[in-house]
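K.L.:
Have a look at the structure that comes next, please.
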Amino acid sequence: MKQLMLALFMLFYLSPDSFATVMQDTVTKGQVTSTPEQALAFLDKIKDLEKSTHWPNIKPRLFLKNLRTNIDEPINIYPGKGTNFCGYGALTYLFLQDDPLGYAQLLLDLYHHGKATFRKTVFDPSPAIKTEAGKLKFKGMLDINPAEQMWYLTLAGHYKGYLNIFNRKYDPGDEDRFWASVNYAKFNRMARNLLHYKLKSRGADLVRPKSLDLYAYISEKMAKGQVVLFINNRIVHKKDHVTIKLGVPTHFIVAEKISIQDDLITLMYWDYGRKTQMQLSNSFLKRIVFGITQFTKTGTDVN
Amino acid sequence: MVLPNLLKPEQMLTKIKQITGFLVLAGTIVSCSPKNISTRYYFQNKKTLDKIETSYKQLYQQAPFNVGFTDREFKTLSLEIITDTLSFIYEFSLHEPRLKDTLFAYHLNAPAIIELINQLHSIRCAWIDRSDYYVDEKKHSLIFMSIKPVALKRPFAYSKYYVLTYFEQPQYFDSQGRLLNKRKLNELRKINGEIFKRINNKVCYTISGKFR
């Protein structure tokens, strides 16, 4: 509760941004850093992966299988039922599409050495994380995906934001708690660190982007790059019948397609191992969206 | 010698009223408590609940979908149609013609699904879906149903749902009737973060603050 209260009183800087009204309904992905073929060729060279002394509960066979599946079909990555891993999931979905080879090398480095460096960031997960990876249960498909468990736990252990102030040290079960939570600034920081993209963000944790034709803005951003939306999922994906809900964002989704007809917006997005399409009004879109982050390749227009 | 203060007849009457009021209130709370309702709800409504589970399972095999009511009045319907490439989320008012049109558009068994929806509405079933779970790397599935019985709507139990899970295989339980992960491991299996209890070998229940 204390954490929640603190979160409520911490407002973040709202970056000014300009926007045009160009309508575009699909994402422009741009030049990739590496290809799935390169990543799979890299994995093919591994004939016999031995059990890692650093990750005692990761089965090598499942680990390699999980890496291959993720590279083959990034859409299927699943950050787990009931966890706070959605932000890491959205980040990984973009990572796998842009630099699958980098992803494979980084995860294998972590597996072999218990720590790894990627783009000047040193990941050195705690012993508790190393023991837990491979053991997460009752999280749906994440149960059988040890590479994803290792990666999400490592990211959550490494990157800290204000939501993690009171729970910084991993204990079993913390994947569902504030230890793993991702606020908007933390998400953008992780993305800047790990991804070969230029970022442009607009929004904040507790304040919705104001004075904005949201549909036009999102469409325009999608025309030039990938877009992640930080949304209030409590009203999109209702889990109870409580009518008064806290107006805070809790979920990251990757926008895939957006269009409008007769004032009804159709939004297709990725989250939790699948793409979903829903229809919503402009006012509902305004109610749920708190952050819009655009990812463009270097050399592309990010305005 | 000091005699104890005796109550006057009118004071005595007030006292009796207060005690009676307290006992009635306590009785109401206990009789509507989640613990009490969970032990009898399934058996009282077994025929309807099992029928819903069977028809949903059959319809899901034809074309996967999840459905439930997202408002307190059970008038707004949320329908998730799951295809190989995409899930579609729609919201309808109950009895809205658009619902039937949409089901037809996706080549779903519209009459059977509408009948199922009416059954869900009649027992205040807030949500029904199929979930996957894993044991020893093997995928299994269960049917998940959450109901908001009228008794659970009373004060002190407002935000509670009676949740049922139907498994395909018989499950293992500990001596307290709690659902276990596996026979050999004395580890409780959690579904949506909740511990479930035995109704029979394949059906379990819990009381939850969330309907999915």
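Read-outs: derived from the displayed coordinates by stated rules, not from any lab. Everything numeric in this text was worked out from a predicted model, so none of it was measured. A quick note on method: Cβ atoms are made from the backbone with ideal geometry, for glycine too, and the neighbour counts reach across all protein chains shown.
K.L.:
Which ³J(HN,Hα) values, rounded to whole Hz and listed in residue order, are derived for the stretch B:170-187 from phi using the Karplus coefficients 6.51, -1.76 and 1.60 in 6.51 cos²θ - 1.76 cosθ + 1.60 with θ = phi - 60°, glycine and proline given as x?
P.N.:
Each residue's phi maps through the Karplus curve to give x, 10, 9, 9, 8, 5, 8, x, 8, 5, 9, 5, 9, 4, 6, 8, 8, 10 Hz.
K.L.:
Also, I was wondering about something else. Quick one: which residues, 5 or more positions from B:Ile195 or on another chain, have an amide H under 5 Å from its amide H? H modelled 1.01 Å from N in the peptide plane, none for Pro or chain starts.
P.N.:
For B:Ile195, no residues qualify.
K.L.:
Still on this model: Tell me, what ³J(HN,Hα) does each residue in the stretch A:100-112 have, in order and in whole Hz, if you take phi through Karplus 6.51 cos²θ - 1.76 cosθ + 1.60 with θ = phi - 60° and put x for Gly and Pro?
P.N.:
With coefficients 6.51, -1.76 and 1.60, one gets x, 5, x, 4, 4, 5, 4, 5, 6, 4, 4, 5, 6 Hz.
K.L.:
Can you pick out the pairs among A:Lys139/B:Lys75; A:Lys81/A:Lys130; A:Lys139/A:Lys200; A:Lys130/A:Lys257; A:Lys47/B:Lys184 whose Cα atoms lie more than 29 Å from each other? Let's see the in-between values first.
P.N.:
Numbers: A:Lys139/B:Lys75 31 Å; A:Lys81/A:Lys130 21 Å; A:Lys139/A:Lys200 32 Å; A:Lys130/A:Lys257 38 Å; A:Lys47/B:Lys184 34 Å.
With Cα atoms farther than 29 Å apart: A:Lys139/B:Lys75; A:Lys139/A:Lys200; A:Lys130/A:Lys257; A:Lys47/B:Lys184.
K.L.:
Under a 5 Å amide H to amide H cut-off, with H placed in plane at 1.01 Å, what residues pair with A:Asn183 once short-range neighbours are removed?
P.N.:
Sorted by chain and number, the residues that satisfy this are A:Leu163.
K.L.:
Another question about this same structure. Got a sec? How would A:Glu256, B:Glu10, B:Glu96 order by Cβ neighbour count within 10 Å, fewest to most? Could you put the intermediate results ahead of the total?
P.N.:
Working: A:Glu256 20, B:Glu10 8, B:Glu96 14.
Placing the least packed residue first, the sequence is B:Glu10, B:Glu96, A:Glu256.
K.L.:
Rank these for me by crowding, A:His113, A:His241, B:His107, going from fewest to most other beta carbons within 10 Å. Could you put the intermediate results ahead of the total?
P.N.:
On the way: A:His113 12, A:His241 19, B:His107 9.
Going from least to most buried by this count: B:His107, A:His113, A:His241.
K.L.:
Rounded, prolate or oblate for the stretch B:63-159? Axes are the square roots of the Cα gyration tensor eigenvalues, ordered a ≥ b ≥ c, and the cut-off for rounded is a/c under 1.5. Mind dumping the intermediate values first?
P.N.:
Numbers: a/c = 2.27, a/b = 1.09, b/c = 2.08.
It is oblate, given that a/c is not under 1.5 and a/b is not larger than b/c.
K.L.:
In percent, how large is the relative contact order of chain A, given Cα pairs closer than 8 Å and 6 or more residues apart?
P.N.:
Values: 569 pairs, mean separation 75.5, N = 303.
Reported relative contact order: 25 percent.
K.L.:
Suppose only helical runs count, i.e. DSSP H with n ≥ 4. What mean residue ellipticity at 222 nm does that imply for chain A under -39500 (n - 2.57) per run, divided by all residues and rounded to the nearest 500 deg cm²/dmol?
P.N.:
On the way: 11 runs with 107 residues, N = 303.
About -10500 deg cm²/dmol.
K.L.:
Pop out the ³J(HN,Hα) list for the stretch A:74-79 in order, Karplus 6.51 cos²θ - 1.76 cosθ + 1.60 with θ = phi - 60°, rounded to Hz; leave Gly and Pro as x.
P.N.:
With coefficients 6.51, -1.76 and 1.60, one gets x, 4, 7, 4, 9, x Hz.
K.L.:
Quote the relative contact order of the stretch A:48-100 in percent (integer), defining contacts as alpha-carbon pairs under 8 Å separated by 6+ residues.
P.N.:
Values: 26 pairs, mean separation 13.0, N = 53.
Across the stretch A:48-100, relative contact order equals 25 percent.
K.L.:
Same structure, new question: In nm, to one decimal, how far is the B:Asn118 label point from the A:Asp262 one, both placed 7 Å along Cα→Cβ?
P.N.:
A separation of 2.7 nm, rounded to one decimal place.
K.L.:
Further question: Would you calculate the separation in nanometres between label points at B:Asn109 and A:Val248, each defined as 7 Å from the Cα along the Cα-to-beta-carbon direction?
P.N.:
Taking the simple label geometry, B:Asn109 and A:Val248 are separated by 4.4 nm.
K.L.:
Which FRET efficiency, nearest 0.05, do A:Ile46 and B:Glu168 yield, Cβ-Cβ r, R0 30 Å? Don't skip to the answer; put the middle values down first.
P.N.:
On the way: r = 37 Å, r/R0 = 1.22.
Calculated value: 0.25.
K.L.:
Between B:Ser93 and B:Glu10, what length in nm is gained on full extension when 0.36 nm per residue of separation is reduced by their alpha carbon distance? Show your work: numbers first, answer last.
P.N.:
Values: separation 83, 0.36 × 83 = 29.88 nm, distance 5.59 nm.
Difference between extended and current length: 24.3 nm.
K.L.:
Still on this structure, please answer the following. For chain A, modelled as a Gaussian network with Cα springs under 10 Å, which listed residue fluctuates most, A:Pro79, A:Pro127, A:Pro209?
P.N.:
So, out of A:Pro79, A:Pro127, A:Pro209, the one fluctuating most is A:Pro127.
K.L.:
When only DSSP loop residues count, what GluC sites (Glu not before Pro) in the stretch B:114-212 have their Cβ near at most 16 other Cβ atoms within 10 Å? Don't jump to the answer; show the numbers that get you there.
P.N.:
Numbers: sites: B:Glu115, B:Glu137, B:Glu168, B:Glu187, B:Glu194; in loops: B:Glu137, B:Glu168, B:Glu187.
Counting only loop positions with at most 16 other Cβ atoms within 10 Å, the GluC sites (Glu not before Pro) in the stretch B:114-212 are B:Glu137, B:Glu168, B:Glu187.
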